[in-house]
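Only the coordinates and a few stated rules stand behind these numbers; no lab work does. Here the structure is a predicted model, which is why all the values come from computation and not from measurement. Cβ coordinates were reconstructed from backbone atoms using ideal geometry, including for glycine residues, and neighbour counts include every protein chain displayed.
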Amino acid sequence: MRSISVLGATGSIGESAFDLLMRAGGPSAFRTVALSGAANVARLAEMARALRAEVAVTALPEKLDDLRAALAGSGIEAAAGADAIVEAAARPADWTLSAIIGAAGLPPGLEVLRRAGTLALANKESLVAAGRLVMGLAADKGATILPVDSEHSAIFQSLNGDNLDSVEYVTITASGGAFRDWPPEKLASATVAEASCHPNWAMGQRITIDSASMFNKALEVIETHEFFGLGADRIKVLVHPQSIIHAMVSHTDGGCIAHLGAPDMRHAIGYALNWPARADLPVARLDLAALGSLTFTAPDETRWPALRLAREVIQAGGAAGAVFNAAKEQALDDFIAGRIGFMDMAPAVERTLDAAAREAGFAESPADLETVLVWDAVARRLAACKAGAA
Ligand code: NDP
Ligand code: MG
């Protein structure tokens, strides 16, 4: 029987994965090794019981007693803390989904690669912060990384095993998020509640706000660069409000292969779960006649400066991705906490990138986890003193 682990099981991606696993037969189809979550230990315990997991881990040590209580009598081990998630990731499993949010997903993801496992990667932040480390470790260990982000799954599927020699460029699409049609002068006063409503996709709050600011697409441009090894000049972004085409691969002979599908993450998760086979998935089928038209526009970079920053990060190379990711996480925290406005996030990230470049240069791409964490800390310190100075 195939063994699986799901890290970040209680989140939006984790719930979609749980739905697929239960529909596929749950514990009679899979042996579940580890599930992890953070604050929501009641749901984590419920999932662990349903899948008969070996171990359930919360990232938060103060939640361990609650988790133990929720698992009482089940025979499922309970553990807590970031190290315990890494330890759970180290347990052999045939397939591990990394659906933790933010840079916290990097250490357990690396652990899966270290044991030459198959890593279904939703956690784009680990590629942004440490792309060379992640891809290098996978190559060294012969581990497999399957992209779960919908655009990257779409590129992967469109390439269908082809190499990139004949690829002129790839295009990833963006819905435009909550504020696509807002007049620019209104954006400065956008609230957290307004930014947290996505027109097409049901996702976690942080990525939904990142969609409104296009920081999500900026992360995805860098993710495309790191995962597929394409330069910034070969990665394009198009605003496509219907979210039906997720990515397109344009070849040098003028042909373009596009990937279409309903905006439902269960497609990309299920594709990675069943790869290299395809299985029936509970995803709505497209009715293009009913849709009538698919539309596209070039993104307005005055409205969405994050896209320019992504290109600059790729061009800077070295540790710029680690700084960008941490600065973005900090700016998002500051927006959610009401310390800065919606349109202050991109300038805050840019100031942190400039300060880090001045203070330390971006040097080499981090070769180990410790170096990534140092850069992460440098970025957060610089972001905090810039905010203090503002
Ligand atoms: P959510 O915020 O919905 O879920 C995050 C998960 O991580 C939860 O299980 C949460 O636990 C857990 N978690 C939170 N903080 C920590 C921490 N410090 N250490 C360990 N675990 C933690 O996120 P999403 O599901 O939206 O996104 C997950 C990842 O997938 C992100 O990298 C995102 O960019 C990517 N992604 C998401 C898409 C989507 O549709 N949502 C689409 C494409 C990519 P708890 O909830 O119990 O606190
Ligand atoms: Mg995406």
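Cut-off 14 Å, label point 7 angstrom out along Cα-to-Cβ of Asp253: give me the residues of region 154-170 whose amide nitrogen falls inside.
162-163, 165-168
Give or take rounding to whole Å, what are the principal axis extents of the alpha carbon atoms in the chain, in descending order?
The Cα atoms of the chain stretch 57, 53, 42 Å along the principal axes, largest first.
Work out the charge dipole of region 208-355 with +1 on the Cβ of Lys and Arg and -1 on the Cβ of Asp and Glu about the Cα centre, then indicate which of Ala218, Pro241, Leu309 is farthest towards its positive end.
Towards the positive end, the residue furthest out is Pro241.
Is any helix in the chain, taking whole DSSP H runs, at least 27 angstrom long along its axis by alpha carbon and on average at least 0.0 on the Kyte-Doolittle scale, and which ones?
Details: long enough: 369-389 (30 Å, 0.73).
Both cut-offs are met by 369-389.
Starting from region 187-269, pick out the chymotrypsin sites (Phe, Trp or Tyr not before Pro) whose DSSP state is loop and whose Cβ has at most 14 other Cβ atoms within 10 Å.
Qualifying residues, ordered by number: none.
Between Arg2 and Lys186, what length in nm is gained on full extension when 0.36 nm per residue of separation is reduced by their alpha carbon distance?
Numbers: separation 184, 0.36 × 184 = 66.24 nm, distance 5.12 nm.
Answer, rounded to one decimal: 61.1 nm.
Can you flag which of Lys63/Lys124; Lys186/Lys236; Lys63/Lys217; Lys124/Lys236 are past 23 Å Cα-Cα?
Pairs exceeding 23 Å: Lys63/Lys124; Lys186/Lys236; Lys63/Lys217.
Based on the Cβ-Cβ distance of Ser28 and Glu87, what FRET efficiency does E = 1/(1 + (r/R0)^6) give at R0 = 30 Å, to the nearest 0.05?
It comes out at approximately 0.65.
Which residue, Ala357, Ala272, Ala99, has the most motion in a Gaussian network model of the chain that connects Cα atoms within less than 10 Å?
Ala357
Please get the size of the charge dipole for region 147-212, origin at its Cα centre, with Cβ charges of +1 on Lys and Arg and -1 on Asp and Glu, quoted in debye to the nearest 20.
Working: 3 positive and 9 negative charges, 68 e Å.
The dipole of region 147-212 has a size of about 320 debye.
Give the separation of the Cα centroids, region 257-323 to region 45-106, in Å.
29 Å
Taking the Cβ of Asp368 as the center, what net charge do the other residues with Cβ under 14 Å away carry, scoring Lys and Arg +1 and Asp and Glu -1?
-3
Could you work out which residue, out of Gly361, Gly292, Gly25, moves most in a Gaussian network model of the chain, that is, has the largest mean-square fluctuation with Cα springs under 10 Å?
Top of the fluctuation ranking is Gly292.
Relative contact order (percent) for the chain, with alpha-carbon contacts under 8 angstrom and 6 or more residues of separation?
14 percent
With the dipole of region 253-390 worked out from charges on the C-beta (+1 for Lys and Arg, -1 for Asp and Glu) around the Cα centre, which of Leu288, Val323, Tyr271 lies farthest toward the positive end?
Sorting the options by dipole projection puts first Leu288.
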